[in-house]
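Report on the structure given below.
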Amino acid sequence: MAFRRGRSEQYSLPVQSVAQLEDAQKFFDKFRSELYRDLYVSGQDLRHVAFNNSGTKMSCIQADANIRIWSTDKPDLKGSVEIRNAHEKMVESISWSPLHESHLLSCGSLDTTIKLWDARNKVKLKQFNSEGSNCIVRYSNDGKYIIIGMKDGTIKVVDGDLMNQSEDSLRVIGSLRERAEDVYEIAWSNSSSVFCVALSNGSVRVCRIVPEEPEGEQVKVMVTLRGHRTAVNTLAFDPKGKYLAVGTNEGIVSLWDVHEWICERTLSMFDHAVMCIDFSHCGNYLAVASDSNVPIEIVHVPSETVVKTIKRQNYAIHPSIAWSPLRYSLAYTGEQHGLHLYKQN
């Protein structure tokens, strides 16, 4: 969000694993980037990429009210689906359901709605009013809960079973409010009981869901991690259940032990603000995307060694990256022509 059973053990499909440093460098040398071109949208306008639970689909937020969905094996535009006017104006965030291969959640800030889509048929299944300007939606990795982050600092955790809820109101499990700092990112741990909130002052809130508390009051702050001087832009949990990775404006990625919540290591080989990070399905590799035209780095976590550098064009857009849940395939945005999938030839 040890978890990511969601990523590697939940499915019966074969899963790749390359663990050793000496094997990794040779392995990634065989990779190439494939372009998923959208003739109607500039690549600079793609702001977020995410895989579905089986890695067969990739979705991108466009800098308008639309969502583009690609089949990973069909880079041609004819193999894609576009949900047009998904929201009244800009789509702020998307999240695939871990339980349904074609269910995609989206939110908008200006229309205050959360919508559940059947991405295969471009059909809206459910719509809810969150009563606020939404900027983040995230399914927990077992689909039990959904986090909604709002622009006023309110964070709500709601029942993830949207199909069995009335559209009049979401079932809120618990909430909290960040009054002094901006919320930049929210990430679930490997279970549905812990999530973390990245803040503009360099701190990270570690929150737990306590089912014993009354409904509506089940979200509690466990601890606040204070290890950075500048904003935390991105968070990622290690699929092995060992680390929380924290990426910041300092150009540093820190690795925190998720049992003791202490910083064990820092990766400081980056020269620009770290905007997006993601662990591979095996947990051995961390992809790191920085601001400006800085290349994407793939780091072998056990040895803290960069095993591959993916060059990017110089465009003033924050890149988004995501590993496939079952394969060493890395999707990334921030290029002129569209979405790229870095994978083995």
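The values are calculated or read from the model by the stated rules, or taken from the named source; none is laboratory data. What you see is a predicted model, and the numbers here were worked out from it, not measured in a lab. Using ideal geometry, Cβ is built from the backbone for each residue, glycine included, and neighbour counts are taken over all protein chains shown. Surface areas here come from the heavy atoms of the whole protein model, side chains and all, with no ligands, DNA or RNA. Shrake-Rupley method; radii C 1.70, N 1.55, O 1.52, S 1.80 Å.
Conditions (1) out of contact with any Lys or Arg (no Cβ under 7 Å at 6 or more places or on another chain); (2) part of a loop (DSSP other than H, G, I, E, B); (3) open to solvent by less than 10 Å² (accessible area, probe 1.4 Å); (4) among the polar types (S, T, N, Q), marked per residue:
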{"position": "Asn201", "(1), (2), (3), (4)": "yes, yes, no, yes"}
{"position": "Glu212", "(1), (2), (3), (4)": "yes, yes, no, no"}
{"position": "Val221", "(1), (2), (3), (4)": "no, no, no, no"}
{"position": "Thr230", "(1), (2), (3), (4)": "yes, yes, no, yes"}
{"position": "Ala236", "(1), (2), (3), (4)": "yes, no, yes, no"}
{"position": "Lys240", "(1), (2), (3), (4)": "yes, yes, no, no"}
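Scanning region 80-110 for residues that are of a type in the set (A, V, I, L, M, F, W, C) and either closer than 20 Å to Leu170 by Cα or open to solvent by 30 Å² or more (accessible area, probe 1.4 Å) (or both) returns Val81, Ala86, Met90, Val91, Ile94, Trp96, Leu99, Leu104, Leu105, Cys107, Leu110. Scan region 26-48 and tell me whether some residue there is at pLDDT 90 or above, more than 27 Å from Glu297 (Cβ to Cβ) and touching a helix residue (DSSP H, G or I) at 6+ places or on another chain (Cβ under 9 Å). For region 26-48, residues at pLDDT 90 or above, more than 27 Å from Glu297 (Cβ to Cβ) and touching a helix residue (DSSP H, G or I) at 6+ places or on another chain (Cβ under 9 Å): absent. Selection over region 162-174 of residues that are open to solvent by 70 Å² or more (accessible area, probe 1.4 Å) and over 21 Å from Ser133 (Cβ atoms) gives a count of 2. Within region 231-250, track down each residue that is over 19 Å from the mean Cα position of the chain (by Cα) and either small (Gly, Ala, Ser) or at pLDDT 95 or above (or both). Within region 231-250, none qualify.
The residue that is nearest to Tyr184 (Cα to Cα), among those in region 121-135 that are open to solvent by less than 40 Å² (accessible area, probe 1.4 Å) and in a strand (DSSP E or B), is Cys135. Condition (residue is touching a Lys or Arg at 6+ places or on another chain (Cβ under 6 Å) and small (Gly, Ala, Ser)) applied to region 114-126: is it met by at least one residue? For region 114-126, residues touching a Lys or Arg at 6+ places or on another chain (Cβ under 6 Å) and small (Gly, Ala, Ser): absent. From the list Arg138, Arg177, the one residue that fits, being of a type in the set (Lys, Arg), buried (at least 20 other Cβ atoms within 10 Å of the Cβ) and within 30 Å of Thr248 (Cβ to Cβ), is Arg138. The listed residues are Thr113, Thr56, and the only one of them that is farther than 25 Å from Pro325 by Cα, in contact with a strand residue (DSSP E or B) (Cβ under 8 Å, 6 or more places away or on another chain) and buried (at least 17 other Cβ atoms within 10 Å of the Cβ) turns out to be Thr113. Scan region 254-263 for residues that are over 14 Å from Val194 (Cα atoms), open to solvent by 10 Å² or more (accessible area, probe 1.4 Å) and not in a loop (DSSP other than H, G, I, E, B) and the total you get is 2. Scoring Gly251 on the criteria (1) buried (at least 21 other Cβ atoms within 10 Å of the Cβ); (2) part of a loop (DSSP other than H, G, I, E, B) leaves a single failure, condition (1). Note on region 4-14: residues that are more than 29 Å from Ile317 (Cα to Cα) and either at pLDDT 90 or above or surrounded by 15 or more Cβ atoms within 10 Å (Cβ to Cβ) (or both) total 6. Within region 180-193, the set of residues being open to solvent by 10 Å² or more (accessible area, probe 1.4 Å) and either more than 27 Å from Cys282 (Cβ to Cβ) or part of a strand (DSSP E or B) (or both) comprises Ala180, Glu181, Asp182, Val183, Tyr184, Glu185.
With respect to Phe51, is the statement that it is within 23 Å of His87 (Cα to Cα) and modelled with pLDDT of 85 or more true?
yes
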